[in-house]
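Asks: What follows is a single structure, and I will ask about it in a moment.
The values are calculated or read from the model by the stated rules, or taken from the named source; none is laboratory data. Bear in mind the structure is a predicted one, so any value in this text is a computation, not a measurement. All Cβ positions, even for glycine, are placed from backbone atoms using ideal geometry, and neighbour counts span all protein chains on display.
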Amino acid sequence: MDDEFQIEVRIDIPSDSDGFIRRECPNCMLQFKWHDGPASEEAEQHVAPDSYSCPLCGQPAALDSWNTEAQVELAQQAAMPQVMGMVNDELASIFRGVKGLTYEPGNDVAADESVPLTEPDDMVIVASPCHGYEPVKIPEDHIGPLYCLVCGSAFAV
Ligand SMILES: [Zn+2]
Ligand SMILES: [Zn+2]
């Protein structure tokens, strides 16, 4: 049996009206937003780093580790039809070898059942003095130092 399951899921992470998408720090679990794609022509000229630093706690993490719980759920929901398809195929092949039994795959999982996320226009935009081309949005009630998304340097606003 080939157990290399390859599930590819594309989800649409919504951005707010300024083009920011919600992120959740894997270290402090707080949420902030970063700009979806280059925020300006200047930003386009810089190579995206391998990791970003949390603006709220300063801890770096790889680019793909910032999904919020809702975004992870959305990806899992999007993967469900594929997973169910594989399970059905497996079951069908098992039942094929059993005399007198047939297996009818159910159709309970609809691909379009997932609810699209929406992104409210909350939080305030801040730009670091060192990498100002990569602004972030942070919760309005946040107090204490902030950290540059690109290089992790602390700064105050
Ligand atoms: Zn953090
Ligand atoms: Zn910086």
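Asks: Restricted to the range 29-39, and to residues that are away from ligand 2 (no atom under 15 Å from the Cβ) and assigned to a loop (DSSP other than H, G, I, E, B), which residue is farthest from the chain's Cα centre (by Cα)?
Replies: So, considering only residues that are away from ligand 2 (no atom under 15 Å from the Cβ) and assigned to a loop (DSSP other than H, G, I, E, B), the one farthest from the chain's Cα centre (by Cα) is PRO38.
Asks: Which of (1) in contact (Cβ under 8 Å) with a residue 24 or more places away in the chain; (2) over 23 Å from GLY132 (Cβ atoms); (3) basic (Lys, Arg) is the odd one out, the single condition ARG96 does not satisfy?
Replies: (1)
Asks: Go through the range 22-59 and count every residue that is near ligand 1 (Cβ under 10 Å from one of its atoms), within 14 Å of SER128 (Cβ to Cβ) and of a type outside the set (Phe, Trp, Tyr).
Replies: 5
Asks: Against the definition (modelled with pLDDT under 85, within 16 Å of ligand 2 (Cβ to nearest atom) and more than 24 Å from ASP16 (Cβ to Cβ)), how does VAL109 come out, yes or no?
Replies: Here the answer is no, as VAL109 does not meet what is asked.
Asks: Under 9 Å by Cβ, and 6 or more places apart or on different chains, what pairs join a residue from the range 118-145 that is aromatic (Phe, Trp, Tyr) with one that is assigned to a loop (DSSP other than H, G, I, E, B)?
Replies: TYR133/PRO38; TYR133/ALA39; TYR133/SER40; TYR133/GLN45; TYR133/HIS46; TYR133/ALA127; TYR133/VAL150
Asks: Consider ILE138 carefully, then state whether it is within 16 Å of ligand 1 (Cβ to nearest atom), at pLDDT below 95 and among the hydrophobic types (A, V, I, L, M, F, W, C).
Replies: No: the conditions fail for ILE138.
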